[in-house]
C-alpha cells in the first residue's frame, strides 16, 4: 500500500506597484503568512532601505516611476498571483497602465488585482450619502484623474478578464499619520466650514478589507473603504487635542484661511460614504468604526513606539 505526502499549497506572490503607507502595512500582514512579496519604489535608495527592513520579510524591490518602467518587467512580475497598485495618477494616463498594461494582461496566474482609488471620485454631495452605485462626479481635476485611472484598470477586466477590484479609500490615518504630530508641534489649524463632513479609514481596516477581498475575489467590483461616521474636520481636530490634553487650535473661518489650491480642494467636497458593501460581501467588521476609537488606538501605538525608542 503506497502513501502520498500532502501537496504544499500553491505559492502566493503579491506584487505591489507603489510600496507606500497602505501597501507596506498589507505586506507586514501577508509576510507573516508566508507570502512571497515584491514591489516598486521610486528610488534605489528607498529600495535598499526596504530590502534591509526585517519587518517585511524577504522582499524583492524594484524601481518604477512615470517615464521609468520596470526593467525586464516580465521577469519582475513572473509568478505573481496577486497584484496591487497604489500609484496615484499624474497628468495623462495611469502610469502603471501606461507602462505595463500588456505585461499585466499576460500574467496567467493572477487570482486578484486591486487598485487603490479614493472616495473623491464621487465629488461633492452637500453632506448627502453615496455608495458604490452612485455616479462618479468629481469636482476637480485630481478627482477626474482618479475616475480615468479606475476606468483604465477596469479595462484589464473588460478586455482580458482579469480579476480587477477597485478600492475607494476615504481619509487615511494610522500610526505615524495622524493629527497628533501637528498638534504637538503647534502647526495644526482648525478650519471652520459648517456642514462639511467626510469619512476616514484606519490603516488596520484598509489591511483587513484588502485581505478579505483576496480571500473572496469578486472581479469588477468597487468597494468603499471608510468608517461608519462622516465627521467635520474641526470636530475631529478638537477630539485629537482633547486626547493629548491640550487646547485645540482656534477656529479659522474657511473664507479667511488663505489656503493653497491643494488645501482648498480638501474642503471642496462634503459627503457621507456608505461602507455596507465591505460588510455584506466580505464579512468585514471594522476595528475602528469611528475616528474616536481609531485616534485612541493611534495615540496608544505612537506612545508605545516612542517609549520603545527612548529605551534603546
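Side notes on the structure shown:
- Restricting attention to segment 216-241, the residues that are in a helix (DSSP H, G or I) and touching a residue at least 12 places away in the same chain (Cβ under 8 Å) total 8.
- Check on residue 308, closer than 18 Å to residue 233 by Cα, assigned to a helix (DSSP H, G or I), at pLDDT below 85 and out of contact with any strand residue (DSSP E or B) (no Cβ under 9 Å at 6 or more places or on another chain): no
- Residue check for residue 114: modelled with pLDDT under 95, touching a helix residue (DSSP H, G or I) at 6+ places or on another chain (Cβ under 7 Å) and surrounded by 15 or more Cβ atoms within 10 Å (Cβ to Cβ): no
Yes or no, residue by residue, for (1) within 20 Å of residue 237 (Cβ to Cβ); (2) in contact (Cβ under 8 Å) with a residue 60 or more places away in the chain; (3) within 17 Å of the chain's Cα centre (by Cα); (4) surrounded by fewer than 19 Cβ atoms within 10 Å (Cβ to Cβ):
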position	(1), (2), (3), (4)
165	no, no, yes, no
189	yes, yes, no, yes
198	yes, yes, yes, no
201	yes, no, yes, no
209	no, yes, yes, no
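- Members of segment 77-86 that are surrounded by fewer than 19 Cβ atoms within 10 Å (Cβ to Cβ) and touching a residue at least 24 places away in the same chain (Cβ under 8 Å): 79, 81
- Restricting attention to segment 152-189, the residues that are in contact with a strand residue (DSSP E or B) (Cβ under 7 Å, 6 or more places away or on another chain), at pLDDT 95 or above and over 17 Å from residue 293 (Cα atoms) add up to 12.
- When restricted to residues that are modelled with pLDDT of 90 or more, buried (at least 16 other Cβ atoms within 10 Å of the Cβ) and within 15 Å of residue 37 (Cβ to Cβ), segment 49-68 contains 4.
- Whichever residue in segment 135-160 is farther than 25 Å from residue 110 by Cβ and touching a helix residue (DSSP H, G or I) at 6+ places or on another chain (Cβ under 6 Å) and, among such residues, is surrounded by the most Cβ atoms within 10 Å (Cβ to Cβ): 143
- Filtered residues of segment 256-292 (kept if part of a helix (DSSP H, G or I) and either in contact with a helix residue (DSSP H, G or I) (Cβ under 8 Å, 6 or more places away or on another chain) or over 21 Å from residue 195 (Cβ atoms) (or both)): 261, 262, 265, 276, 277, 278, 279, 280, 281, 282, 291, 292
- Any hit, segment 161-179, residues being in a helix (DSSP H, G or I) and touching a helix residue (DSSP H, G or I) at 6+ places or on another chain (Cβ under 9 Å): no
The values are calculated or read from the model by the stated rules, or taken from the named source; none is laboratory data. Keep in mind that what you see is a predicted model, and the values were worked out from it rather than measured. When we count neighbours, we look across all protein chains shown, and the Cβ atoms used for this are built from the backbone with ideal geometry, even at glycine.
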